[in-house]
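Input: a single structure, listed below in structure tokens.
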Amino acid sequence: MSDPGVLSFTHQGWEQVLAKVKRALVYLDAACAESLHWGCGSTRLLEAVGGPACHLREFEPTAVGGGAEQPKAVFVLSCLLKGRTVETLRDIICRSHFQYCVVVTAVNHAVHLTANHVPAAAAAELEGQQPVFEQLEEKLCEWMGNMNYTAEVLHVPLLLAPAAPHLALTPAFASLFPLLPRDVHLLNSARPDKRRLGSLGEVDATALPPELLLQIRCLVSGLSSLCEHLGVREECFAVGSLSRIIAADLANYAPAKNRRKTAAGRASVVFVDRTLDLTGAVGHHGDNLVEKMLSVLPQLPGHTNDVMVNMVELTALHTEEENWNAVAPGCLAQSSDMAGKALWEALLNTKHKEAVMEVRRHLVEAASRENLPIKMSMGRVTPGQLTTYIQLFKNNLKALVNHCGLLQLGLATVQTLKHPHTAKWDNFLAFERLLLQSVGESTMSVVLSQLLPMIKPSHQRTKDDYCPEELLILLIYIYSVSGEFTADKNLGEAEENVKKTLAQVFCEESELSPLLQKITGCDSSINLTFHKSKIAMDELFTSLRDVAGARNLMKQFKSVYVPGNHTHQENVSVTAHKQKADTTLVILRRT
């Protein structure tokens, strides 16, 4: 067995699940499905289930139940077994014919005790017992209609979706985002006047709402299980207000205290609030192909960290847009394809030019192994050249199956290189460089005045102009990189001009994207009035001001902006690796 790491931690967890699923109907929630997707793949789960039919279903209130020929069910869930989750379990089981139910939760029983308001002292006395799980087992039998049927409830720490041996994501916590100064007002609304908070620096666990505290404790439970698998006694460090609370909770977590007494190794765990460096998340400084793939290709439904790859090119269908949905999409995760996995890890760790050449090399070697009639060409790699290599596999089923993962990544590369948004990458980069020069020389009002002419309604935009979502990315970049700034007399007017122009542009959109729907609270541009749009912009700019002041409480590194001089250009000091989903960066170092 390989040394303990994020891959072995995930594989070990899924092996426990796979041992339970033989001839079962398996229900997964989105976060566990994503962990499976990156960890060992759905094919591995289907093999463990056995049988000719597909027995995987999404865990949701409207999920189809099991028929008379499906007596066994396994539910794999990332969340607490409480509230809406238990109601959904009940509804699915009551409309089924199950005689054997297994419920797997990624959340430790100790956290379930906390969620059920069991005092810490009483919870300590229950060590080794699992009353919450036992009570649910009785309920499962009751819902199945016979107390003699079999029910099991167990904890398996399915926390991670391992994108690479040294990079793991936490899809269940994709929505966990650091607090902003405006959140202090919300926290104060539930506190007496004498105990009101003055700033984010005063926020501790006791000030947080119960729902957020439970979410943090669920994350801490998973991280503690990871440290147990690694065999380490962790030392926690935190940068940012929410990270400080999470680090303190992990340090004081009762099961973790017991674990540390026998741990042989040591590790440092660093938590960083994403708000301290949103520049790294929205900027275009990175010269990495994977970054561009994640930015321009459509998101894989139900996933937070993968994209859809159009596979029509490898079929006999015409490549017109109406045929795109006729074939299941490909993706970036290649957990069960060793060659595809090796290429994916190479793409993660190389610059754009080298990555494209690596894709060509893998395609050429695969075609040669299959004795396909490949014509070698040197020099610059083009999308057309890669497409020619990929189409060699088109009418060879054996070659397609053997190199399916590689072909998905090859097509992802072609579609990224040809995507119109990729052509805009240099435009973004040019604006960001101009902005970095302006930050050192100009006020924020001048910077916003430079952005204003770029805000155009849909009927005036060309393919080179910025759409509303791209303008929001630029605004986040501007405020994040500027950091705390001095409000000059023209700033209010400049912000107001940008807000009004953006609000009008939103109203004139023919169709609101999901992001704009969320921001404005309207599902259609027909229902979006200028007044509603302007209110949404006011709230947005309040958040942007908070982002600009996110580092105010820090004594060092108060800005990501590094001024230039005669020998070095202005740049951005990125403090955290770019991630699209997770809001708190966790770094583990074995020592």
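The values are calculated or read from the model by the stated rules, or taken from the named source; none is laboratory data. Just so it is clear, the structure is predicted and the values come from calculations on it, not from any experiment. Note that we place each Cβ from the backbone using ideal geometry, even for glycine, and neighbour counts take in every protein chain shown. Surface accessibility is based on the protein's heavy atoms, side chains included, excluding ligands, DNA and RNA. Shrake-Rupley method; radii C 1.70, N 1.55, O 1.52, S 1.80 Å.
Annotations for the structure displayed:
- Segment D464..E539, full-extension length gain: 24.2 nm, with 0.36 nm per residue of separation and the alpha-carbon distance subtracted.
- Centre-to-centre, using Cα atoms only, segment 102-149 and segment 434-471 are separated by 55 Å.
- For the chain, the carbon plus sulfur part of the accessible surface works out to 53%, probe radius 1.4 Å.
- Sites S510 and R90 - FRET efficiency at Förster radius 56 Å, r taken between beta-carbons, to 0.05: 0.85
- Spatially, segment 213-267 and segment 376-398 are offset by 48 Å when compared through their Cα centroids.
- Residue-span extension gain [K555 to F177] - 0.36 nm each, minus C-alpha spacing: 133.8 nm
- Radius ratio Rg over Rh of segment 261-381, counting only Cα atoms, Kirkwood formula for Rh: 1.06
- From helices alone, the chain scores -14000 deg cm²/dmol at 222 nm; the rule is -39500 (n - 2.57) for each run of n ≥ 4 DSSP H residues, then divide by the residue total.
- Summed over the residues of the chain and divided among them, the accessible surface reaches 49 Å² per residue at a probe radius of 1.4 Å.
- Cut-off 13 Å between beta-carbons: net charge of the residues surrounding L213, Lys and Arg +1, Asp and Glu -1: -2
- For segment 102-206, chymotrypsin sites (Phe, Trp or Tyr not before Pro) are listed when DSSP marks them as loop and at most 16 other Cβ atoms sit within 10 Å of their Cβ; the list is Y149.
- Pairs beyond 31 Å (Cα-Cα), from K139/K341; K341/K555; K341/K518; K394/K518; K456/K518; K353/K394: K139/K341; K341/K555; K341/K518; K394/K518
- Relative contact order for the chain: 14 percent, from Cα pairs under 8 Å spaced at least 6 residues apart, divided by residue count.
- Cα centroid separation - segment 496-513 against segment 38-95, whole Å: 43 Å
- Inter-site label distance for T150 and L56 at 7 Å from Cα along Cβ, in nm: 2.4 nm
- The distance between label points at A63 and R266 comes to 4.5 nm (points 7 Å beyond Cα on the Cα→Cβ vector).
- Taking every DSSP beta bridge that has both ends in the chain, the antiparallel portion is near 35%.
- Fully extended contour minus Cα-Cα distance, from N490 to A190, at 0.36 nm per residue: 104.4 nm
- Trypsin sites (Lys or Arg not before Pro) lying in DSSP loop within segment 458-521, provided at most 15 other Cβ fall within 10 Å: R461, K463, K489
- Reported label for calculated volume of the Cα convex hull per residue in Å³ given [x] 171; [y] 201; [z] 146: [y]
- Within the same chain, aspartates and glutamates fewer than 8 places from K22 are excluded, and of the rest, those with a Cα less than 17 Å from its Cα are E47, E69, E152.
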